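Participant: For reference, the structure I am asking about is given below.
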Amino acid sequence: MRFIHVRVPRDRSDAVFEVLGDEQVDYVVTEVADDDALVVQFPLPVQAVDTVLADLRDAGVDDSFTVIANAETASTPHFAELERRFVEGEEDDDAVVPEEIRSKARNMKPGVRTYYAMTLLSVLVATVGLLLDSPAVVVGSMVIAPQVGAALTASVGVAFSDGRMIRDGMSSQLLGLGLAVASATAFGWLLRATQFVSPAVDVTTIAQVSARTSPGVLSLVVGVCAGAAGAFGLSTDLPVSLVGVAVAAALIPAAAAVGIGVAWGYPAVAVGAAVLLVVNVLTITASGAGALWYLGYRPEAWRERAPVDALRSGRLNAVVTALVCILVVTGAVGAAVADQSAFENTTNDVVEDVLDSPEYDRVVLRSVGVEFTGFGLRASPREVTVRVKRPADQPYPTLPGRLEDRIATATGSDVSVSVEFVETATAGESA
């Protein structure tokens, strides 16, 4: 429920009172000293706010003084009827007004010190979780990450063509994630230098790390869904706090993986995770703005004139610039991700086909890892790591070469295949 305060010029008061009467809204009026205006206050269900305020604007009330506050309960003669109409009846609509969306997005972003401190703590926890290969610890880092406010601020800015919100949201994300990457790098270097984690550890073999170093289409689903869910939460009376975990899931572990790649000297790990991080930032922003547009929220200029006229007047410069930047960066990164995904899919098919041969009937495929090589990262062969389980008495010395030849032929790429064997033995068998 919301409690509305609006400033009404005295010469428009009769029209305003008529609108409120027609909508069966109970109100009180407060005189304003030394001012040719009144302050009108009334409670409304959330679902009725947009409709009633739109009618008041048509009656001559501007938005120079409008306050929308949360309220717990209301006992007025017609409030139950309003709830039946707007909450339960044919006018059921749980959308909130644009002003409230802007306010909710801004309020979700904590103060500067808290934002950067929580970002630092969350990425340190994520780094530990990745190195321990512990999904539970990684999830813990997502819970305390504060990125949702900045991400949704950017989405709301794009949806409403608010240049200030776009700049605020994107700059907060860039600075926060930059701090996260730098902190993860320094922390990883410290762990190596103090021997808490052996410098010889191959971080590419850690499942939680490798899952974030080879971005593919499925990796982007989290970002798209997180942005859209955040938009739905902002535009309705639903809590948005849980969406923060989904936003952080798309950002914080990837930032930690970038730092680990740099600290351990694996450029492919760092670049692959960085690509995933950038794409997720953009997809969260774009999908959040797209969901708001789908729900009917548009730049103010669109409500005043036709979209074409608004574009010609330059009143949509902020949203056009933001969308062009998103499309250019996403297009470049998307091409690299699409190439990587195609190579991975073909490689997986070839590996499964080879291992289906009768001579490998005792070999069990565990995983296939493909190093990210987008943007011309490496001039050397693309590296593929195949992990299989085999009996201890079966060496299969020709398997790596056979896989390498088949993958190179199928993909048309220069590849280097390494096979990691997990041996199994039972009593009575020689090791």
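The values are calculated or read from the model by the stated rules, or taken from the named source; none is laboratory data. Only a predicted model underlies this, so the values are computations on that prediction, with no experimental measurement involved. Glycine gets a Cβ as well: all are built from the backbone with ideal geometry, and neighbour counts include every protein chain shown. In case anyone asks, the SASA skips ligands and DNA or RNA and just uses the protein heavy atoms, side chains included. Shrake-Rupley method; radii C 1.70, N 1.55, O 1.52, S 1.80 Å.
Participant: Within region 253-281, find all residues whose amide N lies under 20 Å from a label point positioned 7 Å from the Cα of A136 along Cα-to-beta-carbon.
Facilitator: Flagged as within label range: 253.
Participant: For a test of the definition: using alpha carbon positions, the gyration tensor, and the 1.5 limit on a/c, classify region 1-110 as rounded, prolate or oblate.
Facilitator: Oblate, since a/c reaches 1.5 and b/c is not below a/b.
Participant: Give me the net charge of A154's neighbourhood, meaning all other residues with Cβ under 13 Å from the Cβ of A154; Lys, Arg count +1, Asp, Glu -1.
Facilitator: +3
Participant: Using θ = phi - 60° and the Karplus form 6.51 cos²θ - 1.76 cosθ + 1.60, what ³J(HN,Hα) does each residue of region 119-134 get, whole Hz, x for Gly and Pro?
Facilitator: Ordered by residue, 3J(HN,Hα) equals 4, 4, 5, 5, 6, 5, 5, 5, 4, 4, x, 5, 5, 7, 6, 10 Hz.
Participant: Tell me, what is the FRET efficiency for A54 and V245 to the nearest 0.05, using R0 = 45 angstrom and their Cβ-Cβ distance as r?
Facilitator: So the FRET efficiency works out to roughly 0.85.
Participant: Calculate what fraction, in whole %, of the accessible area of region 1-157 sits on carbon and sulfur atoms when a 1.4 Å probe is rolled over the protein chains.
Facilitator: Roughly 52 percent, rounded to a whole number.
Participant: So what are the radius of gyration and Dmax for the Cα set of region 49-142, in Å?
Facilitator: Spelled out, the Cα radius of gyration and Dmax of region 49-142 are 21.7, 63 Å.
Participant: Summing Lys, Arg as +1 and Asp, Glu as -1, what charge do residues with Cβ under 13 Å from the Cβ of P43 carry, P43 excluded?
Facilitator: Every neighbour counted, the sum reads -4.
Participant: Taking all pairs of different Cα atoms in region 156-214, averaging 1/r and flipping that mean, what Kirkwood radius in angstroms comes out? Let's see the in-between values first.
Facilitator: Values: mean 1/r = 0.0703 Å⁻¹.
Kirkwood hydrodynamic radius for region 156-214: 14.2 Å.
Participant: Going by amide H atoms built from the backbone, whose H comes under 5 Å of the H on R382, apart from near neighbours?
Facilitator: D414, V415, S416
Participant: Report the Stokes-Einstein translational diffusion coefficient (µm² s⁻¹, integer) for region 119-252, Rh taken as the Kirkwood radius over Cα pairs, at 37 °C with viscosity 0.692 mPa s.
Facilitator: Once the numbers are plugged in, D ends up at 207 µm²/s.
Participant: Could you derive backbone 3J(HN,Hα) for region 64-81 from the dihedral phi with the Karplus parameters 6.51, -1.76 and 1.60 (θ = phi - 60°), listing whole Hz in sequence and x where the residue is Gly or Pro?
Facilitator: 5, 9, 9, 10, 10, 10, 6, 9, 7, 7, 9, 10, 10, x, 10, 5, 4, 5
Participant: Would you pull out the residues with amide H under 5 Å of V97's amide H, same chain only if 5 or more places away, H placed 1.01 Å from N?
Facilitator: Those qualifying (amide H under 5 Å, at least 5 residues apart or on another chain) are D50.
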